[in-house]
1. Restricting to region 1-43, count the residues that are outside any loop (DSSP other than H, G, I, E, B) and of a type outside the set (A, V, I, L, M, F, W, C).
2. Could you pull out the residue among LEU191, LEU145 that is modelled with pLDDT of 80 or more and surrounded by 10 or more Cβ atoms within 10 Å (Cβ to Cβ)?
3. Would you mind stating whether LEU102 is surrounded by 15 or more Cβ atoms within 10 Å (Cβ to Cβ) and not in a loop (DSSP other than H, G, I, E, B)?
4. Starting from residues that are of a type outside the set (A, V, I, L, M) and at pLDDT 90 or above, keep the ones in region 86-104 and report whichever is farthest from the chain's Cα centre (by Cα).
5. Which members of region 20-48 meet the condition of being surrounded by 11 or more Cβ atoms within 10 Å (Cβ to Cβ) and small (Gly, Ala, Ser)?
6. Counting only residues that are at pLDDT below 90 and surrounded by 12 or more Cβ atoms within 10 Å (Cβ to Cβ), how many does region 63-85 have?
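The values are calculated or read from the model by the stated rules, or taken from the named source; none is laboratory data. All of these numbers come straight from a predicted model, not from anything done at the bench. So basically every Cβ, Gly included, is an ideal-geometry build from the backbone, and we count neighbours across all protein chains shown.
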Amino acid sequence: MYEVFIDGVQFPVAPAKLDTRINNKNQTITLMNDGEVNLLKKPGLTDFSFEVLLPNVKYPFAVYPDGFQPATFYLEKLEKLKLKKKKFQFIVTRSKPNGDLLFDTNIKVSLEEYEIKEDAENGFDINVPIVLKQYQDYGTKTIKLKKPKKKSKTKKKVAVASKKRPSAKTAPKTHKVVKDDTLWAICKKYLGDGSKYPEIAKKNNIKNPHLIYPGQVIKLG
């Protein structure tokens, strides 16, 4: 014995047949050396398909927990689930004639499609094939990307080394020798090059550049 509940509403007549398809997403590939192999993936969503009878006449074998409802009541329920894109709970209980429970199905699903079949052989009753698909809750993650800072249009200042201006001071033309002076030290001080002392010695008629005496006037230019 079956009892079918769609979004909390028990349908009056349980389907004679319920097909449950448990899908998988495994993938086969062919490797060069090992041949065909199977890549095991996470299971896919489960599909349910069945056909229910919606009577427009009150039958003793039908179930009406809240009193008799015509077929339009259940059709309107299905239409709302489809148009509003609403997920809902699908429950099927299975029990023995003595009432002992076998097992049940309780799963969140979405209404994929349904068909309304009217046949003169069924009188005023309607048959409705229904296809449901398991619904898996999921969440989306948002990532905030920071915009790169705009480069400043102002030109970077480049430091330019200033050239040393030539000293306004001019070297004196003569030097009066004092105690502890040497011709090399005098040339270094005034001419910037102590090795010029032979030239200065020649200019001053100094035979021995290592012998100079205090009070002696040395011509530099």
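1. 12
2. LEU191
3. no
4. Once the filter is applied, the top-ranked residue is PHE90.
5. GLY44
6. The total comes to 2.
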